[in-house]
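Trainee: Quick one: the structure is below, questions incoming.
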Amino acid sequence: MNIAIDGPAGAGKSSAARLAAKELGFLYVDTGALYRAVGVAALRRGIDPANAAAVNAMLPDIRVSLAHKDGEQRVYLNGEDVSDEIRLPPASMAASGVSANPAVRAFLFDLQREIARSSDCVMDGRDIGTVVLPDAACKIFLTASPEIRAKRRFLELEQKGTPVPYETLLEEIKQRDYNDSHRAVAPLKPAPDAVLLDSSELTLDAVVSRVVLLARQAGEAQR
Ligand code: DC
């Protein structure tokens, strides 16, 4: 059984998906990590992530894979664990660049499908319910207002000791939302049969409970 969770950056998808997967005893699959690994591969080769021709020429030379250790997902680039490097800011920008490239999306498609075929999973991303797993038993589109997402990111960065002005973060979020929802391939949008869940006024616990409930209801309906 597969649960698809899509939505914009900062809506709380990964925290909610990870905790819901744990509660359900499912594998948690963060597909953004795959795009980030391709982005890192481009950066390491000095390739502009937005240069589709150069990125496409690189794809035959790279292998991206996932493994789960103690419930934590690790991502590998040609066998090297790049799980930490993919979280750095340059990797976020590079991931956003390569994710608009149809060849990159095709390159990562089979890997995502194969994981979902072989395990019960909660998979999060942007196009899981619409493209990768259109037959997922349960689809959730998790959103929150841009202001709330900027505020959450502001507090997170402040806690890390690397503060960034709120207004800057809000602008970035709005720009990324626009890019993600206006790209030609697999734009960010809810699947017609997705349940819309707005986390603006909800605690993380409340979001997780709702996801688990929806997953269990979908499981019952399948029987
Ligand atoms: O969720 P994230 O921030 O780790 O995602 C990194 C980038 O990859 C982001 O710009 C959106 C893109 N992405 C995508 O296009 N499709 C997915 N299924 C997951 C992520």
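The values are calculated or read from the model by the stated rules, or taken from the named source; none is laboratory data. Fair warning: this is a prediction, and the values are worked out from it, not measured in the lab. We place every Cβ from the backbone using ideal geometry, glycine too, and count neighbours over all the protein chains shown. Areas reflect the complete protein model, heavy atoms only, side chains present, ligands, DNA and RNA absent. Shrake-Rupley method; radii C 1.70, N 1.55, O 1.52, S 1.80 Å.
Trainee: What is the magnitude of the charge dipole of region 1-71 about its Cα centre, with +1 placed on the Cβ of each Lys and Arg, -1 on the Cβ of each Asp and Glu, and no other charges, expressed in debye to the nearest 20? If you can, show how the numbers build up before the last one.
Mentor: Details: 8 positive and 6 negative charges, 32 e Å.
Dipole size: approximately 160 debye.
Trainee: Same structure, new question: In whole Å, how far is the Cα centre of region 144-223 from that of region 1-31?
Mentor: Using only Cα atoms, the two centres lie 11 Å from each other.
Trainee: Rounding to the nearest 20 debye, state how big the charge dipole of region 28-124 is about its Cα centre with +1 on each Lys and Arg Cβ and -1 on each Asp and Glu Cβ. Write down the numbers at each step before the final one.
Mentor: Values: 10 positive and 13 negative charges, 53 e Å.
Dipole size: approximately 260 debye.
Trainee: I want the local charge near residue 129. Using Cβ-Cβ distances under 13 Å, sum +1 for each Lys or Arg and -1 for each Asp or Glu among the other residues. Before the final figure, lay out each step's value.
Mentor: Numbers: positive: 13, 126, 139, 189; negative: 6, 124, 127, 135, 193.
Surrounding charge for residue 129 is -1.
Trainee: From the Cα gyration tensor of region 1-127, with a ≥ b ≥ c the square roots of its eigenvalues, which class applies: rounded if a/c is under 1.5, or else prolate if a/b is larger than b/c, or else oblate? All intermediate terms of the calculation are to be shown ahead of the outcome.
Mentor: Values: a/c = 1.80, a/b = 1.70, b/c = 1.05.
Here region 1-127 falls in the prolate category.
Trainee: For the chain, with only Lys/Arg (+1) and Asp/Glu (-1) charged at the beta-carbon, what is the dipole magnitude about the Cα centre, in debye rounded to 20?
Mentor: On the way: 27 positive and 30 negative charges, 39 e Å.
Dipole size: approximately 180 debye.
Trainee: Right, something else. Sorted by accessible area with a 1.4 angstrom probe, largest first, how do 124, 193 fall? Intermediate values should be presented prior to the final figure.
Mentor: Working: 124 5, 193 95 Å².
Correct descending sequence by accessible area is 193, 124.
Trainee: For a test of the definition: using alpha carbon positions, the gyration tensor, and the 1.5 limit on a/c, classify region 143-223 as rounded, prolate or oblate. Walk me through the intermediate numbers first.
Mentor: Details: a/c = 3.26, a/b = 1.50, b/c = 2.17.
Taking the square roots of the gyration eigenvalues as a ≥ b ≥ c, region 143-223 is oblate.
Trainee: Moving on. Can I get the semi-axes of region 55-99's equivalent ellipsoid? Compute them from the C-alpha gyration tensor as square roots of 5 times the eigenvalues, in angstrom, largest first.
Mentor: 20, 15, 8
Trainee: OK, next. Answer rounded, prolate or oblate for the chain, using the Cα gyration tensor with square roots of eigenvalues a ≥ b ≥ c: rounded when a/c is under 1.5, else prolate when a/b is larger than b/c, else oblate. Can you show the working numbers first?
Mentor: On the way: a/c = 1.56, a/b = 1.16, b/c = 1.35.
Oblate, since a/c reaches 1.5 and b/c is not below a/b.
Trainee: Report the relative contact order of region 86-223, percent, no decimals, based on alpha-carbon pairs under 8 angstrom and at least 6 residues apart. Each step should come with its number before you reach the end.
Mentor: On the way: 99 pairs, mean separation 41.7, N = 138.
RCO, region 86-223: 30 percent.
Trainee: Among 58, 1, what's the order by accessible area (1.4 angstrom probe), most exposed first?
Mentor: Numbers: 58 5, 1 55 Å².
Output order, biggest surface exposure first: 1, 58.
Trainee: Please give me the summed charge of the neighbours of residue 146: other residues whose Cβ is under 13 Å from its Cβ, Lys and Arg +1, Asp and Glu -1.
Mentor: Values: positive: 149, 151, 152, 153, 174, 176; negative: 147, 167, 171, 172, 177, 180, 198.
After counting each charged neighbour, the total is -1.
Trainee: Is any residue of region 108-150 close enough, with backbone N under 20 Å, to a label point placed 7 angstrom from the Cα of residue 216 along the Cα-Cβ axis, and if so, which?
Mentor: Zone members listed by number: 120-123, 137-141.
Trainee: Which of 169, 108, 157 ends up with the largest GNM mean-square fluctuation for the chain, with Cα atoms connected below 10 Å?
Mentor: 157
Trainee: Could you tell me the accessible area of residue 107 in Å² (1.4 Å probe, neighbours in place), rounded to the nearest ten?
Mentor: 70
Trainee: Another one. Can you tell me which of 52, 16, 41 moves the most in a GNM of the chain? Springs connect C-alpha atoms under 10 Å apart.
Mentor: Comparing 52, 16, 41 in the GNM, the peak value goes to 52.
Trainee: Turning to a different aspect of this structure: Anyone know which of 146, 134, 192 comes out most mobile in the 10 Å Cα GNM of the chain?
Mentor: Most flexible of the set in this elastic network: 192.
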